[in-house]
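*Asks:* This structure is in structure tokens; I'll ask about it shortly.
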2 protein chains.
Amino acid sequence: MNCRVVLVEPIYDGNIGSIARAMKNFGFDDLILVNPCPIHDFGWAMASHAKDVLERARTVRTIEEATTEANLVIGTTGKRLVNKQKHLRLHLRVPCLTPFELSEKLKGKQGVVAILLGREDIGLTSQELAKCDMLVSIPTSQEYPVMNLSHAAAVLFYELSHLEGGNNSLASQESLRLLHEKTRSLLRAICYPEHKIEYTVLMFKRILGRTELTERETRTILGVIKSLRWQIDKVQSGRK
Amino acid sequence: MNCRVVLVEPIYDGNIGSIARAMKNFGFDDLILVNPCPIHDFGWAMASHAKDVLERARTVRTIEEATTEANLVIGTTGKRLVNKQKHLRLHLRVPCLTPFELSEKLKGKQGVVAILLGREDIGLTSQELAKCDMLVSIPTSQEYPVMNLSHAAAVLFYELSHLEGGNNSLASQESLRLLHEKTRSLLRAICYPEHKIEYTVLMFKRILGRTELTERETRTILGVIKSLRWQIDKVQSGRK
């Protein structure tokens, strides 16, 4: 399991350096910065002996670029209740796990897991969170739930560092994209109401997203969709 | 279980503030500073919405003052191997747990647990660690094991915040002191070699320290020592 850390628009270079250090402390080194602030002396100083992690960090413009090859995209949030309500309203449940639960879920899996860490002031937006496969939130005191960004990162890395590699390769983004495309096309083929198609595809994406599909499982589902299409097309061409 | 955080001679006020914030994030508020550096604006800024924790923090001169009423004293260290060897050599094993193992050990217990966090540069000295009942060390990468002090604190608080209170009151420092005194006196009474007494008392202290004795258990052991003394005194007075 390769853990990729994606810092989304960090404001303070001290946090970038601190997070690089915490990454190296727990054996991670794949850092991507999305529109970061400039890194000055303080940021480099906070990285301490993890300057190599900072040097190798890639800078990109969008979360999409940062997560292209990721098999699973995990959003982090402190806004548990707010999001819960919003997601309930949208019927697009993104599961929100504790770091321990996430670590349990990822045990024995293989692939790239991108962990998105949001801005120091507003975190990740609801839109950004809604695009993630899963969310993770650290259980904190209700009196003062907002953690320092690099502290939250350290706690996550601590839990995820227990992970041992496994043989169950997670589905590639490419296979997942193919799956969504085939699902959409299948819905069209069965004359599913056009205005409900995108919403339903998104809901399937959510449902499958939280099952951490393996590549093999994805191929099997694609095979089933292919058989379905084959039968449907046969019936429909018979009717003509 | 009340968790007391003892910062031993912190050098950077930013870390003091950061740790106060992490404490409040996880519901802790008992902070003691041993010979700290002065806290300037940066330290207060890092405390963010946990300035109340910083305001209530007590400043003392020695670790002993900071831990007087503690039922259990836990030292933190990144120097796992070094200490292991030293302790093996001394035959005075202080168990070194992971944060998770510590949290498991403290489940259902009641009392004050003092967590000692050492200096940013040299941590806690071997002498300071040897006086603790238990040690805790965060499993980190061998390549770069040295964590930022406030990050290590956040990881510890995260693990310890899962604890729910229990009914098993840990032995008070007073009962433990009485136990060590009675043990020493018992050894004298049975003419144990004088030069081995202090070492043996210390070894007993270690053995009992890592069992997290409850108040009730301590009273029982004291009762047994009393009976032993009574019999020994009777035999010895009969001989005279």
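*Asks:* Going through B:17, B:27 one at a time, which residue ends up being out of contact with any strand residue (DSSP E or B) (no Cβ under 6 Å at 6 or more places or on another chain) and free of Cβ contacts under 8 Å to residues at least 40 places away in the same chain? Even if it seems obvious, please write down each step before you answer.
*Replies:* Details: B:27 fails: free of Cβ contacts under 8 Å to residues at least 40 places away in the same chain.
That would be B:17, the only listed residue that is out of contact with any strand residue (DSSP E or B) (no Cβ under 6 Å at 6 or more places or on another chain) and free of Cβ contacts under 8 Å to residues at least 40 places away in the same chain.
*Asks:* Also, quick follow-up: So the check is Cβ under 7 Å with 6+ separation or different chains; which pairs have a first residue in segment B:141-153 that's under 17 Å from residue B:19 (Cβ atoms) and facing chain A (nearest Cβ under 7 Å) and a second one that's among the hydroxyl-bearing types (Ser, Thr, Tyr) and assigned to a loop (DSSP other than H, G, I, E, B)?
*Replies:* That search, which allows pairs on different chains as well, returns B:147/B:140.
*Asks:* Tally the residues that are closer than 21 Å to residue A:73 by Cα and touching a Leu at 6+ places or on another chain (Cβ under 6 Å), restricting the search to segment A:9-27.
*Replies:* Here the count works out to 1.
*Asks:* Go through the residues of segment B:124-140 one by one and say whether even a single one is among the hydroxyl-bearing types (Ser, Thr, Tyr), part of a helix (DSSP H, G or I) and without any contact (Cβ under 8 Å) to a residue 12 or more places away in the chain. It would help to see each step written out before you state the result.
*Replies:* Within segment B:124-140, the first condition is being among the hydroxyl-bearing types (Ser, Thr, Tyr), and the residues that meet it are B:125-126, B:137, B:140.
This time we only want the ones that are part of a helix (DSSP H, G or I), so: B:126.
Still in the list and also without any contact (Cβ under 8 Å) to a residue 12 or more places away in the chain: none.
No, the conditions are met nowhere in segment B:124-140.
*Asks:* Take segment A:164-205 and flag every residue that is part of a loop (DSSP other than H, G, I, E, B) and surrounded by fewer than 18 Cβ atoms within 10 Å (Cβ to Cβ).
*Replies:* First, pick out the residues of segment A:164-205 that are part of a loop (DSSP other than H, G, I, E, B): A:164-167, A:171-172, A:190-193.
A:164, A:165, A:166, A:167, A:172, A:190, A:191, A:192, A:193, listed by residue number.
*Asks:* When both residues are 6+ apart or on different chains and their Cβ atoms are under 6 Å apart, which pairs have a first residue that lies in segment B:36-52 and is farther than 13 Å from residue B:18 by Cβ and more than 14 Å from chain A (Cβ to nearest Cβ), and a second that is modelled with pLDDT of 95 or more and open to solvent by 80 Å² or more (accessible area, probe 1.4 Å)?
*Replies:* Once the first residue is farther than 13 Å from residue B:18 by Cβ and more than 14 Å from chain A (Cβ to nearest Cβ) and sits in segment B:36-52, no partner that is modelled with pLDDT of 95 or more and open to solvent by 80 Å² or more (accessible area, probe 1.4 Å) comes close enough.
*Asks:* Which one is farthest from the chain's Cα centre (by Cα), of the residues in segment B:13-35 that are away from chain A (no Cβ under 11 Å) and open to solvent by 10 Å² or more (accessible area, probe 1.4 Å)? Spell out the reasoning first.
*Replies:* Taking segment B:13-35 and keeping what is away from chain A (no Cβ under 11 Å), we get B:13, B:15-16, B:30-35.
Those left that are additionally open to solvent by 10 Å² or more (accessible area, probe 1.4 Å): B:13, B:15, B:30, B:35.
Working: B:13: 24, B:15: 21, B:30: 15, B:35: 18 Å.
In this case the residue turns out to be B:13.
*Asks:* A further question on this structure: Give me the strands (runs of 3 or more DSSP E) completely within segment A:1-77, filtered to those with at least 1 residues that are at pLDDT below 95, ordered by residue number.
*Replies:* Passing ranges, in order: A:2-8, A:72-76.
The values are calculated or read from the model by the stated rules, or taken from the named source; none is laboratory data. Keep in mind the model is a prediction, meaning the values are calculated, not measured. Every residue, glycine among them, receives a Cβ derived from its backbone with ideal geometry; neighbour counts consider all protein chains shown. Remember, those area values only see protein heavy atoms, side chains included, never the ligands or the DNA or RNA. Shrake-Rupley method; radii C 1.70, N 1.55, O 1.52, S 1.80 Å.
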